[in-house]
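Reading through the structure tokens given below for one structure.
Every number in this text was worked out from the coordinates using simple rules, so none of it is lab data. Here the structure is a predicted model, which is why all the values come from computation and not from measurement. Here the Cβ is made from the backbone with ideal geometry for all residues, glycine too, and neighbour counts use every protein chain on show.
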Amino acid sequence: MTVLVTGGAGFIGSNFVYLLLEERPEWKVVCVDALTYAANIHTLNDAMQNPNFVFYKEDIRNREGINAIFEKEHPDVVVNFAAESHVDRSIENPAIFLETNILGTAVLMDACRKYGIERFHQVGTDEVYGDLPLDRPDLFFHEDTPIHTSSPYSTSKASADLLCLAYHRTYGLPVTISRCSNNYGPYQFPEKLIPLMINNASQDKPLPVYGEGLNVRDWLYVKDHCYGILAVLEKGRVGEVYNLGGHNEKANIEIVKIILKELGKPESLITYVTDRKGHDQRYAIDPSKAMAELGWAPTTMFKDGIKLTIQWYKEHMDWMKECTSGDYVKYYEEMYGKR
Ligand code: NAD
Ligand code: TDX
């Protein structure tokens, strides 16, 4: 079995690569990543030592390059993690989100059609459902909740999902889609809430909380997400969507306070800044379909996962420094300087 993993030098993709190498040691893992700002090639240092792993620096928008990899590697399964993934960046510059997240997905699926494939799995997000009101804790996202996106990012991801379903219906491509809630854990780029706050707090820098910090996200430990994707690959039905989440809803301000407490830093570092445009209020996944059909369930409670995550970043400050040198300084100034 040869699995082609795109975006494998990023946060969730790299965790998935390591999960496959550990849990399915007889499989070959072919990683394709353009190495954008969000990637860190050192994340894959250990994988590079494994004879079952091969890495290609390639852009999923490059049809010739992708076709050449298919001709050489003959993947049985493709798992598409490659994407522009940060909502704030999509608000500043939507175009690249449309190119990578929609057109790049089409290039991959065209290659799957041309060379043949057992499964194309699209890694999707719960953001395609829009948001839920804060005063209705009884409401959750189901797989048939209408698509109702807010940001250019979520719109690009929703478009890709629709394209996948269209390729299934029109061409019979064996597609599955998973839609996951917010992930946290090792190797997440420090533009996202949790690693950004850990990084700032570690250096006694202000923690920029958008609005009043009351927006709610549904957090899933990254390894649980990766096990969920593996379960969809092995037990999921083609043409189906599976929601993955673990009922770990937290307001942003709660998360920030937990991080400060764990790091022994004062709450005076919290700084309320201008809200994100179009900021989604609450995400909350109903994962009962994946649990019933795939036998999947998250195993890491948030109270344990957040400790593991903070400990990992404390022990990998060199990795964090690699991510936050160079362009990151400019990004941070532009995103937060005048906020
Ligand atoms: P990430 O930004 O950490 O990693 C994305 C990876 O894709 C990077 O390694 C980057 O170099 C690569 N990439 C970007 N554009 C590319 C291109 N044109 N060609 C090839 N490679 C390219 O993202 P992540 O948080 O790991 O998210 C992975 C996937 O999971 C995305 O599709 C995202 O939409 C989805 N997702 C993320 C979350 C989350 O909480 N992070 C939740 C649900 C779904
Ligand atoms: O500096 C910050 N301050 C802040 O208050 C940042 C970066 C974020 N926030 C808030 C905004 C959100 O309410 O924290 C919450 C989480 O923000 P992000 O980490 O940017 O994640 P989110 O916008 O929820 O999207 C994430 O989950 C779904 C991923 O980035 C997406 O790729 C995924 O699809």
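Right, Ala111: of a type outside the set (Phe, Trp, Tyr) and free of Cβ contacts under 8 Å to residues at least 60 places away in the same chain or not? Yes: the conditions hold for Ala111. Checked against (1) small (Gly, Ala, Ser); (2) farther than 24 Å from Ser90 by Cα; (3) within 15 Å of ligand 2 (Cβ to nearest atom), Ala160 passes all but condition (2). Scanning region 72-93 for residues that are more than 10 Å from ligand 2 (Cβ to nearest atom) and not hydrophobic (A, V, I, L, M, F, W, C) yields Lys72, Glu73, His74, Pro75, Asp76, Asn80, Glu92, Asn93. One residue stands out in region 92-134 among those that are more than 20 Å from Arg237 (Cβ to Cβ) and among the polar types (S, T, N, Q): the one that is farthest from ligand 1 (Cβ to nearest atom), namely Asn93.
Can you say whether Phe16 is buried (at least 21 other Cβ atoms within 10 Å of the Cβ), within 15 Å of ligand 1 (Cβ to nearest atom) and aromatic (Phe, Trp, Tyr), as far as the supplied structure shows? Let's see the steps before the verdict.
Numbers: buried (at least 21 other Cβ atoms within 10 Å of the Cβ): yes; within 15 Å of ligand 1 (Cβ to nearest atom): yes; aromatic (Phe, Trp, Tyr): yes.
Yes.
Residues of region 144-175 that are surrounded by 20 or more Cβ atoms within 10 Å (Cβ to Cβ) and farther than 30 Å from Pro133 by Cα: Tyr167, Leu173, Val175. Within region 143-163, being more than 12 Å from ligand 1 (Cβ to nearest atom), assigned to a helix (DSSP H, G or I) and among the hydrophobic types (A, V, I, L, M, F, W, C) holds for Leu162, Leu163. Screening Tyr331 against (1) within 16 Å of ligand 1 (Cβ to nearest atom); (2) touching a strand residue (DSSP E or B) at 6+ places or on another chain (Cβ under 8 Å); (3) among the hydroxyl-bearing types (Ser, Thr, Tyr) leaves a single unmet condition, (2). Residues that are over 15 Å from the mean Cα position of the chain (by Cα), buried (at least 19 other Cβ atoms within 10 Å of the Cβ) and of a type in the set (S, T, N, Q): does region 43-53 have at least one? Scanning region 43-53 turns up at least one residue that is over 15 Å from the mean Cα position of the chain (by Cα), buried (at least 19 other Cβ atoms within 10 Å of the Cβ) and of a type in the set (S, T, N, Q). Each residue in region 66-91 was checked for being within 13 Å of ligand 1 (Cβ to nearest atom), closer than 24 Å to Pro174 by Cβ and either surrounded by fewer than 18 Cβ atoms within 10 Å (Cβ to Cβ) or polar (S, T, N, Q) (or both), and 1 pass. The residues of region 245-269 that are part of a helix (DSSP H, G or I), polar (S, T, N, Q) and in contact (Cβ under 8 Å) with a residue 24 or more places away in the chain amount to a single one, Asn252. Each residue in region 175-217 was checked for being more than 10 Å from ligand 1 (Cβ to nearest atom) and part of a strand (DSSP E or B), and 8 pass.
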